[in-house]
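The values are calculated or read from the model by the stated rules, or taken from the named source; none is laboratory data. No experiment lies behind these values; they were computed from the predicted model shown. FYI the Cβ positions are ideal-geometry reconstructions off the backbone, even for glycines, and counts take in every protein chain you see. Protein only, heavy atoms only, side chains kept; ligands, DNA and RNA dropped before computing areas. Shrake-Rupley method; radii C 1.70, N 1.55, O 1.52, S 1.80 Å.
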Amino acid sequence: MIRRGMTNRALLWAALVVALAARATAATPYVEALAEQHREERHAVLIAHGVNISSEAVLDFVVNGFTEATLSRSLPEQPKIKTEVINYAIHELGFMEAKEAVPVLTALVDGETTKGVRSILQYDAEPFAISEEVDYRAGLMAYVRYNSIVALGLIGDPAAAQSVRTAMLREEEIDFKSEAAVALGLMGDNRGLDYIINQAGDPTTDDQIGYFNAVYLLTGRNYGLTRNTSLAKRRKLYSDLQAWQASEGKNFAPNRVEILRRRVRGAATEDLPISSLRGALRATRSFGDYDLRYTARQRLRTLAPGAKDELRALSLDAFEDLDIRVAAMDWYAATDPKEAKSVMKDLRDDENEAVRRRAEMLVEDIDKALTKRK
């Protein structure tokens, strides 16, 4: 029983506790693990905006928007963009694996809107000048459509597959394409895998990282491609992926539970001990961790003088990760600037922009250092 005199905050938290206790457990454990992330914040926002935490109430909100009772009082100040409340609701429908929501979510992916979505888009967009309003509204709707694709994947109903595939082919943004391919896989549909592999061949864009991440989620094959992967290695990894596609990939069938498990666990990254030369070099590029960077520099002051040949080899290695390679160039130049100068001159023509820029800078620094020695 709710006591008289309780504050709005107390009422909110009382409702939240009831909602959390009564929530339906997702049928798939890994979906439940995903749902647990930010659940308290998600539920608090929905309840504060008059949306009960049940699949029926959440779906009704996506269809019809805020109730008259909710609108009759002041809406909470946060989030300021009320389309975020719609997105929270769409997230919740996915985490609930609410099959009854599939027709509505499919329509949203197709670019249609419900009364509720239209009214909330209008609420968010109307303060803007008419010249800006259309683009702003379209941007908000793009997030609604993207989140609908994610939710449909979590629900896993094959009835939505054609709309999701159409969106994958139509959209230009990598996030749409890769997430749609994963959603198809979660529905047991393998048509997304070949598409993203065929799109992933350009090593010069960060889109390639998104495509390879989708490949990992769908297949479990972690190629280790990151922002620091060199162009030469990116081409080699793509060639390896194509070879797999031509052999084992032809008959590959995505497995929903395994895809969800990989989404929860994430892909492992290369863990290099700071005691090693490569590990210490990488740690010097950890700009967000001063202590790690300091420790690495101290370690390299001991390692570098006896590792000149290794530093030179790493500087020239076209397959080495760019953060390690650039750090090796710095320490090679510091260890033996006269010898390093000719190497840095050659690296000014390297195909990797990060290496070219560092080589240009180091040639200038070495010239200054050598001039001072005279």
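Can you go through Gly139, Gly65 and tell me which one is among the small types (Gly, Ala, Ser) and in contact with a helix residue (DSSP H, G or I) (Cβ under 9 Å, 6 or more places away or on another chain)? Before you say what the answer is, go through the steps one by one.
Values: Gly139 fails: in contact with a helix residue (DSSP H, G or I) (Cβ under 9 Å, 6 or more places away or on another chain).
Of Gly139, Gly65, the one residue that is among the small types (Gly, Ala, Ser) and in contact with a helix residue (DSSP H, G or I) (Cβ under 9 Å, 6 or more places away or on another chain) is Gly65.
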The range 344-374, subset in contact with a helix residue (DSSP H, G or I) (Cβ under 6 Å, 6 or more places away or on another chain) and β-branched (Val, Ile, Thr), residue surrounded by the fewest Cβ atoms within 10 Å (Cβ to Cβ): Val363
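When the residues of the range 122-141 are narrowed to those that are touching a residue at least 24 places away in the same chain (Cβ under 8 Å) and touching a Phe, Trp or Tyr at 6+ places or on another chain (Cβ under 9 Å), which ends up nearest to Arg170 (Cα to Cα)?
Asp124
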Within the group Ala142, Ala181, Ala138, which residue is under 24 Å from Pro103 (Cβ atoms) and open to solvent by less than 20 Å² (accessible area, probe 1.4 Å)? Ala181
Considering only the range 45-62, how many residues are farther than 18 Å from Ile155 by Cα and open to solvent by 20 Å² or more (accessible area, probe 1.4 Å)? 5
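For the range 302-325, which residues satisfy the criterion of being of a type outside the set (Ser, Thr, Tyr) and under 15 Å from Gly279 (Cβ atoms)? Talk me through it step by step, then tell me what you get.
First, pick out the residues of the range 302-325 that are of a type outside the set (Ser, Thr, Tyr): 303-314, 316-325.
Those that are of a type outside the set (Ser, Thr, Tyr) and under 15 Å from Gly279 (Cβ atoms): Leu303, Ala304, Ala307, Glu310, Leu311, Leu314, Glu320, Asp321, Asp323, Ile324, Arg325.
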Selected residue [in a loop (DSSP other than H, G, I, E, B), closer than 20 Å to Arg42 by Cα and either modelled with pLDDT of 95 or more or open to solvent by less than 30 Å² (accessible area, probe 1.4 Å) (or both)] from Glu97, Glu92, Glu77, Glu84: Glu97
Which one of these is modelled with pLDDT of 95 or more, of a type outside the set (Lys, Arg), within 19 Å of Gly94 (Cβ to Cβ) and out of contact with any Pro (no Cβ under 8 Å at 6 or more places or on another chain): Ala183, Ala232, Ala200, Ala246? Ala183
Under 7 Å between Cβ atoms, which residue pairs at least 6 apart in sequence (or on different chains) link something in the range 222-246 that is under 16 Å from Asn198 (Cα atoms) and open to solvent by less than 20 Å² (accessible area, probe 1.4 Å) with a partner that is in a helix (DSSP H, G or I) and not aromatic (Phe, Trp, Tyr)? Arg234/Gln208; Leu241/Ile197; Leu241/Val215
Of everything in the range 51-74, what is part of a loop (DSSP other than H, G, I, E, B) and either aliphatic (A, V, I, L, M) or within 16 Å of Ala89 (Cβ to Cβ) (or both)? Give them in sequence order. Val51, Asn52, Ile53, Ser54, Gly65, Phe66, Thr67
